[in-house]
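*Asks:* One structure coming up, written as structure tokens, with questions to follow.
Please treat every number below as a calculation from the coordinates, not as lab data. Please read all numbers here as calculations on a predicted model, not as lab measurements. Cβ coordinates were reconstructed from backbone atoms using ideal geometry, including for glycine residues, and neighbour counts include every protein chain displayed.
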Amino acid sequence: MDSNVYIEEDFRDGIPGSTRTEKVLFERCRFQGAPLAEWETDGVVFDRCRFDGARLASSSRVKSVFLNCSFVGICFVPSSFAAR
């Protein structure tokens, strides 16, 4: 990822070249239907993002926050969330 802040970006095709993202703010971004399996986030803030139908299996969230996000049709199993 080239930036630390993404506003109203479209990530429905996934996160380019990244399986781990750290200390990034995503604001009003679209992840609907995105292939996000095995994507790890650490210290990431998702503010008003849409994850409807995204594939998050085997993903991991550490110290990451979801504020007013949409998760219609999401299955998080197996995924992990930690506050380390």
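*Asks:* Which net charge results when you count Lys and Arg as +1 and Asp and Glu as -1 among the other residues whose beta-carbon is under 14 Å from that of SER58?
*Replies:* Details: positive: ARG20, ARG55, ARG61; negative: GLU38, GLU40.
Within the 14 Å Cβ shell, the charges total +1.
*Asks:* Also, quick follow-up: Report the full-extension gain for the segment ARG28 to ILE7: residue separation times 0.36 nm, less the Cα-Cα distance, to one decimal in nm.
*Replies:* 7.0 nm
*Asks:* Go through (i) 18, 52, 28, 2; (ii) 18, 34, 21, 15, 9, 3; (iii) 20, 61, 19 and flag the label whose value is the computed P(r) over Cα pairs in 10 Å bins from 0, in percent for this structure.
*Replies:* Given (i) 18, 52, 28, 2; (ii) 18, 34, 21, 15, 9, 3; (iii) 20, 61, 19, the structure-derived one carries the label (iii).
*Asks:* Still on this model: Sort 32-41, 6-15 by packing, meaning the average of other beta carbons within 10 Å per residue, with the highest value first.
*Replies:* The peptides rank, most packed first, as 32-41, 6-15.
*Asks:* Rounded to whole Hz and in sequence order, give me ³J(HN,Hα) for region 37-48 from the Karplus expression 6.51 cos²θ - 1.76 cosθ + 1.60, θ = phi - 60°, writing x for Gly and Pro.
*Replies:* Ordered by residue, 3J(HN,Hα) equals 4, 6, 7, 9, 10, 9, x, 9, 10, 10, 10, 6 Hz.
*Asks:* Sticking with this one: Can you tell me the relative contact order of the chain? Whole percent, Cα pairs under 8 Å, sequence separation 6 or more. Don't skip to the answer; put the middle values down first.
*Replies:* Details: 235 pairs, mean separation 20.0, N = 84.
Computed over the chain, the figure is 24 percent.
*Asks:* With θ taken as phi - 60° and the coefficients 6.51, -1.76 and 1.60, list the Karplus ³J(HN,Hα) couplings across region 11-21 in order, rounded to whole Hz; mark glycine and proline as x.
*Replies:* Karplus-based 3J(HN,Hα) across region 11-21 equals 10, 5, 8, x, 9, x, x, 9, 10, 9, 10 Hz.
*Asks:* Going by amide H atoms built from the backbone, whose H comes under 5 Å of the H on GLU40, apart from near neighbours?
*Replies:* So GLU40 has HN proximity to ARG20, THR21, SER60.
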